[in-house]
Structure formats: structure tokens, C-alpha cells
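**Student:** Before I ask anything, let me first share the structure, which is written out below as C-alpha cells.
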Amino acid sequence: MRRHHDMGGQAAGPVDTAERDYAPWGKRVDAIVRLMSDKKRRLIRVDELRRGIEDLGPAAYEEYNYYERWIASTTNILIEKGILGIDELGRRMEDVRARWEASK
Amino acid sequence: MSRPITIGDTVRIRQAFPPGHVRTPYFIRGKTGEVIRLLSDYANPEELAYGRDGKPALPVYWVKFQQSDLWSDYAGQEQDTAVVEVMENWLETMDE
């Protein structure tokens, strides 16, 4: 059976070749993941990142944009490895949401 | 794999569909192509994807396919080909 991400050759319509600028948060995600995977830290490898993206499931894979997939995959892998705690992460996410709501 | 791969061999890509991080694209599985170049040995990404060391490293080859073999409705030129990087554990040599 074909897995969802393995879509080479599937009907997909024309490719959007327009240049796009990544949002600052996306660049930050890129930088953080690269720092976590450098020789000094080795917390995550690109192969693990890709495995995590492929395991998101078709709905999330389609719904998330490129760096949202990176965030979801990286988060799951860091939880698996015991580097992030779920309780800690949940509380930080609450704090961020509260700060964002307050700034609106 | 029935015997070591040599350049010029006709190979069939294994028609396997395991879970996990598989680099062999779906559209070449079960298809037949020609080995045209050895790239190098690489740590196995199927293992690296789960935090293991990826050993033993495996040779990666360029395998050339006829486009018309890959796509039943291929409408391009008959001589069109596609080259895909494939790890040795996905190649089966053909009986001669």
C-alpha cells in the first residue's frame, strides 16, 4: 500500500513556482532544528525528522504547511526521547497563547 | 539479493511495503531497471530514522528506468528515462 507522503507521480495539478518568503517563525524553526542536529548536540537527525513527518497521518500532513510539519514531527520525537515533557510543553503553549491573546 | 550488483545489471526493485521511513519511492517498487552507477556507501536511513546508528552502511546506486515502464499512461517520448537513487537492500538481480 502506498503511504500518503509517497506521492510521486500522483495527479496533483500544476506546480506553483512562485517565489515565496518564509515567515520569521519558519526560519526560526529551521535554525532550531539544525542546531539540535549539529555534531555537538545530536538530539535529532534529519531521518528522524522525516520519519516523524511521514507518521503525522494524511489529514495533518495536508493541513500543516512545511514548517508546521517540522514542528509537529520534532515535538513528537523530543517527547519520545524524554527531552521534552508533555506537562512542561502544555504549560509553555498555554503561556504563549495567553501572551498572544493579550497582545491582540 | 541473489548475487552482488555490478554496473549494467538489470535489477528489479523489491515489491515490499513495510511501515517506517522508506526511501524507495512507491512508483518504482516492483519495476525493472538498469544499474548505471555506484554512488557510495551510506548509513541506512531506514535505521537512522529510529535513532539507531544506520550500520551497516549500504551502497546506493543510480537505477535507470524507462518512463513507459513506470507509467502505463506515459505520453512522452519512448526513449525517456528516469534515474532514481536506490539502496542495495531494495535491489534484486534477475536470473540470467
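The values are calculated or read from the model by the stated rules, or taken from the named source; none is laboratory data. In this text, all values refer to a predicted model and were calculated from it rather than measured experimentally. Heads up, the Cβs are rebuilt from the backbone with ideal geometry, glycines too, and the neighbour counts pull from every protein chain shown.
**Student:** Would you check if A:Val46 is more than 10 Å from chain B (Cβ to nearest Cβ), among the aliphatic types (A, V, I, L, M) and under 13 Å from the mean Cα position of the chain (by Cα)?
**Tutor:** Taking the combined requirement at face value, the residue does not satisfy it.
**Student:** Right, next: Among the residues of segment B:29-47, write down those that are over 15 Å from B:Thr93 (Cα atoms), touching a residue at least 12 places away in the same chain (Cβ under 8 Å) and within 14 Å of chain A (Cβ to nearest Cβ).
**Tutor:** B:Tyr42, B:Ala43, B:Asn44, B:Pro45, B:Glu46
**Student:** Quick check: anything in segment B:78-89 surrounded by 12 or more Cβ atoms within 10 Å (Cβ to Cβ), modelled with pLDDT of 95 or more, in contact with a helix residue (DSSP H, G or I) (Cβ under 8 Å, 6 or more places away or on another chain) and within 12 Å of another protein chain (Cβ to nearest Cβ)?
**Tutor:** Checked segment B:78-89: at least one residue is surrounded by 12 or more Cβ atoms within 10 Å (Cβ to Cβ), modelled with pLDDT of 95 or more, in contact with a helix residue (DSSP H, G or I) (Cβ under 8 Å, 6 or more places away or on another chain) and within 12 Å of another protein chain (Cβ to nearest Cβ).
**Student:** Condition (residue is within 14 Å of chain B (Cβ to nearest Cβ) and surrounded by fewer than 16 Cβ atoms within 10 Å (Cβ to Cβ)) applied to segment A:24-33: is it met by at least one residue?
**Tutor:** No, segment A:24-33 contains no residue that is within 14 Å of chain B (Cβ to nearest Cβ) and surrounded by fewer than 16 Cβ atoms within 10 Å (Cβ to Cβ).
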